[in-house]
Each structure stands twice: as C-alpha cells, then as structure tokens.
1. Given a cut-off of 23 Å, name the pairs among Lys191/Lys347; Lys211/Lys258; Lys174/Lys214; Lys161/Lys275 whose C-alpha atoms lie farther apart than that in the structure shown.
2. So between Ser353 and Ser215, what do we pick up on full extension, going 0.36 nm a residue minus the alpha carbon distance?
3. Using the basic label-point model (7 angstrom from Cα toward the beta carbon), what is the Arg36 to Ser393 distance in nanometres?
4. In segment 160-315, carbon and sulfur make up what percent of the accessible area (probe 1.4 Å)?
5. Would you mind getting me the FRET efficiency between Arg330 and Ser257? Use the beta-carbon distance for r and R0 = 41 Å, nearest 0.05.
6. Gain in length, Ser317 to Ser278, computed as 0.36 nm per residue apart minus the alpha-carbon separation, to one decimal in nm?
7. Whole angstrom only: what separates the Cα centroid of segment 319-353 from the Cα centroid of segment 187-201?
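The values are calculated or read from the model by the stated rules, or taken from the named source; none is laboratory data. Nothing here was measured: the structure is a model prediction, and the numbers come from that model. Glycine also receives a Cβ, built like all others from the backbone with ideal geometry; neighbour counts cover every protein chain displayed. Heavy atoms of the whole protein, side chains included, go into the accessibility calculation; ligands, DNA and RNA do not. Shrake-Rupley method; radii C 1.70, N 1.55, O 1.52, S 1.80 Å.
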Amino acid sequence: MTLLLGLLIGLAIGFSLGVYTCRRSEVNRYESRFERWRKETERAIALQLDQFTQRANSQLLDEILRKLQADLEGFKLHISESLSESYQNFLQRLADYTSQLVKNISNQQNILGRLSESIENISQNLNSSSSLQKRKETNKQTADAGLKSLPPETISREQVKIGVFLWSKNIRMKNLLPSSKKAAEGELDNKLNWISNLMGQRYSMIEKLYKEIKSGIGEEKSLTLCLKGNPPEVINYSCQLASTLRKVNFLKEHNYSKSSKTLMVKLSKSSEAIKFLSGDWLERYVKQQLIKFAREQGQKIDFSYIANAEVTLPNGSDFEIDLFFHINNRFYWIESKTGSYRDCIEKYSWLASEMGLGPDQVFLVLADADQETRSRISSSYNLSAISVEEVESLLYRIVRR
C-alpha cells in the first residue's frame, strides 16, 4: 500500500514537472505556489495514512485517491487557466508588436518612395544638364562649321569667337567686313573719325548746333543759330564743327558773325552727309573710343569686335548690331541712338535676354534723353541707358576691368 501511494505521489509530481518543463518560462512564477500546495498535500496524505493505518479501511483509501485526483485536476485547471491567460497576453503583445512593425514598414516605404522620387528628379536634372551641355557643344560645332564655310576674307580670325557666341544663341551673321577692308580706311574715314571724336567728347558744347542741323537734315537750306549768351567754349567748338563739316562737304556753307554771335550754315543733301549726321557719327565715336582703350592694353587683353553687322535673329527677323565685342571672353553689346529710341528698347531688352547678357553688358547710348529718362529706362529694362558724355569712362572701365 505504501508503494502504491508513493507511485501516485510520484505521478502527481512527475505530471507537474512535465508541465513545468514544457512551459518553464510561464510556470516559473507558479513554482512557489505549487510548493506550498505540495507540502499541504503531503501533510494531508501523511495524516490520512496514519488514519488509514489505524483503521485499515479501504473506503478511506478510495476517498483519499478521489481527493488526490480532484486536487490534481484542480491544479491542472489552474495551470491551464494561467497558461491560457499568459498565452492571451503573449498574443496581444504579438499583435501590438505586429501593428507597430507594420506602421514602421509603412513609414519606411514612404521614406523610400520620397527618396526614389528625389533620385528620379536628380537623374532627370542630370540628364537635362547633360542634354543642355550636348546642345551647347552641338551649337558650337555647328557654328564653327558654319563660320569655316564662309567665303575667304568674309570674317577675320579675331571675329570667329564672336561669331561662335552669336551662333550658339541662334543668331546668324549675314555679312562682316573683311579685315583687309577695315584696315584700308581712306582719308575721308579718318576725317570722319576725327569729327566723330570731336562731337562725342565735346557733345555738350556742340549740342545746340547739332540739333539745329539735324532738324533740317535732308533739305538743302540755310539755318541760323544764335549763340549770344553762350560760353566761349560753346561758340568755339560750334564754329570748329561747322568748319570741319564744310571741309568734307557735309555743309555747303558756314559763316560766323562775331558782332551778332550768330552762326549760319547751309545743309547738304548728299547721302554721306545725311548718314553721318543722322547718327553714324555717334556709332563711330563709340567704336573709336573702344579701339583706343583696347590698343592701350596691348597683349594684356583678348579683344575683338564687329560693327554694323547684319544678322538674323532667333525669331527670323533681320537686325543690324551697332557694336558687339568681347574682352577676355566677356561679351558686350552697345547700340547708339541720336533720335527716336522708344520703339527699340523692348526689342533690345528681349535680344539681350536671348543672348544671356545683363545690364552691365548691354548699353544704349542716348544723345537726346535727360538723366531722369535714362535712369527710368535702366531700371525697367535689361540694359543700361547712358549719355554721350558717359561713353568714354564706361569703355575705359570695361577694358581695364
């Protein structure tokens, strides 16, 4: 009988240990509780055995076995409920973790999506830059080929750089004066250059006479200018201009009366006189000042220019550029106006933008506009409006920059 009870107790303990081994992580917390129950069970069994020994009653043994079985079932149920609760907690924690993991993965996907989009934009920009560079190289190669195909002596070696620049901006040159022709300026050209410099450098002193002459240009008539009350310099330079214009037959007559301080001139209808006095003198003056300062620098600068060049613009229209030049690979454009200019400003500003030139590279010389008007033009358009008196200092700064 003692052996049987020992086996039953061993079975109970073995079952508990088996459950404990299978889910040790969950049963550890119930170990102390089980130990108390075991001790109580052993005391009860010992008590019952004493009673059984004393009574030797088989009915009592059956009662002990049923009680032991009931206790074991209760303990088993308790363990099962505890494990079930722990398992539910485990599942809840697993669900929470899974939910958080899904959120993290979603966030990472969003981040990766933005990174992918950024990489695609960068790739597109790189491709665009590469395409732009290729187009520039293609334009330059096309320009070089186009310029090389021009007839001999159409363009000088120094002008090629300007031609390539304009061609790259989709501006096609139609004609240029050969270097040999430019170098072979005659006596008349030298005289006109001298007169142009006189008019440009002393413009404030000959302005009255010039405006009087310009008002009747194209008509063979006599004009009388009253110089009374003007400074001696105005009278002297006005008379000097009239005399030099008479010597090149751009005036048919001139006469100054000291007593009345009046200057009489008779205009010429020659096409050369009309062209020069209409505005060619100002273009010549700007060009001569540029050449003078550039020559003073000698080999210190890389310099070339084109003047009165006929071109075709990107929109297909024909155009004549007064003066375009470069100093050490920086390009400049100057237009000169002695008369109406308002209809040209927007076109000049647009073309400057097409060339990629700023107001410090594009200049409009105005002989008939006050300071307020020039300032308003400079602030409203992509160019700088300057007076005749400012030409010399401007070109000096550009060349020596």
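1. Correct reply: Lys191/Lys347; Lys174/Lys214; Lys161/Lys275.
2. Full extension from Ser353 to Ser215 adds 46.2 nm.
3. 10.6
4. Exposed carbon and sulfur together represent 47 percent of the surface.
5. Efficiency computed from Cβ-Cβ geometry: 0.20.
6. Extra length available between Ser317 and Ser278 comes to 11.7 nm.
7. 22
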